[in-house]
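So the structure is just underneath, and the comments pick up after that.
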Amino acid sequence: MIEAKDLRGRFNDWPRAGSRVYRAPGRVNLIGEHTDYNDGFVMPAAIDFHTWVAIAPRTDRTISVFSENFQEAVRFDLDDPAPQPKRHWSDYVRGVALALEQSGYRLRGAQLQIRSDVPIGAGLSSSAAIEVATGYALLHHSGFDVEKVELARLCQRAENDFVGVRCGIMDQFISCQGEKGKALLLDCRSLEYKLLPLAKATRLVICNTMVKHELAAGEYNKRRAECEEGVRHLARRGDDVKTLRDVTSAQLESDSRDLPDIIYRRCRHVISENARVLQAAAALERGSVAEFGRLIDESHRSLQQDYEVSCAELDLMVNLANALPGTYGARMTGGGFGGCTVNLVLDEAVEEFKTRIARDYENTTGITPEIYVCETTDGVKEVVSG
Ligand code: ADP
Ligand code: MG
């Protein structure tokens, strides 16, 4: 539990009497991009942008929810025999309630109020933050102990099955299990994880290119299909290959003769990226910031050249970062074709970094970027007032 000083300071109109408040963070993925759906490794950190949920009891079995961000209220019945998604923000809340009920948690009716300072739709996972915060609040409110890995799975199920987004489990997992000062190494196959210390003298700076190219969804599905094609080729060799996770770089090199070049490069990205995540974890354990930064740089090159999911604005933002003093590493983060870069920057260089990268990016593109200097933070928890 944490003190709610910040909450009272910023939101002195809230929460109203009789309610309890929970919060869940957004995240940034430090390394391990496009590896999650290949059963591989990822390394996100929870960042200090949060979604807060205030919850108060109702006497019936309905959930009423107000989002301050959308300035809109919605009500639904937990006993509705055929709940349908509406392609509306409330699907995230309703989907979570439904996933919880379907796995045996009988929920009490509640009134929810939501506010968030996670930038919405910027790739910092406001969606997982709203799912995890409401899921945790609903469970607690209904008298259940919350097992966080189970909560992450149920929130992912809600997003996959009810909202209709084919995401992996990384976002929900880190929003549940993050820890201040730490990055989280997650094995997407077994869900084994390990928290690793981030260097105290560095900061994570996220640069939002403010562009999102139309291609994103179509290319994402194409990449998934290309990986599957790679697996089909590589499995013919008789090795036990179920996903690209099961293939080493050496195997790829020796078995790649009949692979079309494009499929070979897609596979090479995923396989080398998995190896980089493990090397990055070892670098953090050794306290080697320079090595961690170098791996972040390599990840970007692989995403740009082999996986081909970067774009001119992301490449520009990365190049600008690399030209500034105090930058250890810079790469695109998230699915690609726009969105954000993540940068590992020496603490004392952050102010200059922030000003110069914003100015240089704007001078070249005419677009004003958003720059977020982040602290890492803890996963979902109750916020106690007092
Ligand atoms: P990201 O997760 O990168 O922010 P997504 O498209 O996955 O982007 O999720 C954004 C969607 O999540 C929003 O369009 C909205 O439907 C829902 N959402 C996120 N935060 C809130 C909020 N505070 N209130 C209501 N809906 C929210
Ligand atoms: Mg999302």
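Just so it is clear, none of the values below were taken in a lab; they were calculated from the coordinates. Note that the structure is a prediction, hence the values are computed from the model and not measured. Neighbour counts are summed over all protein chains in view; Cβ atoms, including those assigned to glycine, are modelled from backbone coordinates with ideal geometry.
Among 216-222, 348-354, 172-178, 158-164, what's the highest-first ranking by average C-beta atoms within 10 angstrom per residue?
Descending mean neighbour count gives 172-178, 158-164, 348-354, 216-222.
Which ³J(HN,Hα) values in Hz, rounded to whole numbers, follow from the phi angles of the stretch 155-165 under the Karplus curve 6.51 cos²θ - 1.76 cosθ + 1.60, where θ = phi - 60° and Gly and Pro get x?
5, 4, 4, 4, 5, 5, 8, 9, 6, x, 10
Tell me, what ³J(HN,Hα) does each residue in the stretch 278-293 have, in order and in whole Hz, if you take phi through Karplus 6.51 cos²θ - 1.76 cosθ + 1.60 with θ = phi - 60° and put x for Gly and Pro?
These are the phi-based 3J(HN,Hα) values: 5, 5, 5, 4, 5, 5, 5, 5, 7, x, 9, 5, 4, 5, 4, x Hz.
Measure up Lys86/Lys222; Lys148/Lys212; Lys194/Lys354; Lys180/Lys200 against 22 Å on the Cα-Cα distance and list the ones that go over.
Lys86/Lys222; Lys148/Lys212; Lys194/Lys354
For the Cα atoms of the chain, what angle does the longest principal axis make with the long axis of helix 216-235, in degrees from 0 to 90, nearest 10?
60 degrees
Per Stokes-Einstein, at 4 °C and 1.567 mPa s, what whole-number D in µm² s⁻¹ belongs to the stretch 131-232, with the Kirkwood radius over Cα pairs as the hydrodynamic radius?
Value of D from the Cα-based Kirkwood radius: 79 µm²/s.
Under the Kirkwood approximation applied to all pairs of distinct alpha-carbon atoms, what is the hydrodynamic radius of the chain in Å?
This gives a value of 21.7 Å.
Of the options Ile114, Phe337, Val163, report the single residue whose Cα projects farthest towards the positive end of the charge dipole of the chain (beta-carbon charges: Lys, Arg +1; Asp, Glu -1).
Ile114
If I model a spin label as a point 7 Å beyond the Cα along the Cα-Cβ vector, how far apart are those points for Asn160 and Thr248 in nm?
The two pseudo-label positions are separated by 3.0 nm.
Report the extension gain between Arg189 and Asp258 in nm, rounded to one decimal, defined as 0.36 nm multiplied by the number of residues separating them, less their alpha carbon distance.
22.1 nm
Need the C-alpha centroid separation for the stretch 254-292 versus the stretch 298-329, integer Å.
16 Å
Quick one: what do you get for the stretch 65-160 if you divide its Cα Rg by 2.2 N^0.38 Å?
1.01
Charges only on Cβ, +1 for Lys and Arg, -1 for Asp and Glu: so what's the dipole of the chain about the Cα centre, in debye to the nearest 20?
600 debye
So what is log10(I(q)/I(0)) for the stretch 179-241 at q = 0.14, 0.17, 0.23 1/Å, when the Debye sum runs over its Cα atoms only?
For the stretch 179-241, the Cα-only Debye profile gives -0.84, -0.96, -0.96.
Amide H neighbours of Leu259 under 5 Å, counting only residues 5+ apart in sequence or on other chains, H built in-plane at 1.01 Å?
Those lying under 5 Å, H to H, from Leu259: there are none.
Where does each of 241-254, 50-63 land if you order them by average Cβ count within 10 Å, highest first?
The densest-packed peptide leads the list: 50-63, 241-254.
Give, rounded to the nearest 20 debye, the magnitude of the charge dipole that the stretch 63-182 has about its Cα centre when Lys and Arg contribute +1 at Cβ and Asp and Glu contribute -1 at Cβ.
The calculated dipole for the stretch 63-182 is roughly 120 debye.
Please list, in order along the stretch 342-347, the HN-Hα scalar couplings obtained from phi with the Karplus expression 6.51 cos²θ - 1.76 cosθ + 1.60 (θ = phi - 60°), rounded to whole Hz, x for Gly and Pro.
Computed from phi, the couplings for the stretch 342-347 are 10, 10, 9, 10, 4, 2 Hz.
How big is the equivalent ellipsoid of the stretch 202-374 along its three axes, where each semi-axis is √(5λ) from the Cα gyration tensor, reported in whole Å from largest to smallest?
Semi-axes, largest first: 33, 20, 11 Å.
Out of residues 5 or more away from Glu375 or on other chains, whose amide H comes under 5 Å of its own, with H placed 1.01 Å from N in the peptide plane?
When sequence neighbours closer than 5 places are left aside, the close amide H contacts are Asp48.
What does the charge count around Asp315 come to, taking other residues whose C-beta lies under 13 Å from its C-beta (Lys +1, Arg +1, Asp -1, Glu -1)?
Result for the local shell: -1.
Along the charge dipole of the stretch 202-374, Cβ charges K/R +1 and D/E -1, which of Ser299, Ala217, Thr202 sits furthest on the positive end?
Positive-end residue among those listed: Ala217.
Rounded if a/c is under 1.5, else prolate if a/b beats b/c, else oblate: with a ≥ b ≥ c from the C-alpha gyration tensor eigenvalues square-rooted, which is the stretch 200-301?
The shape class here is oblate.
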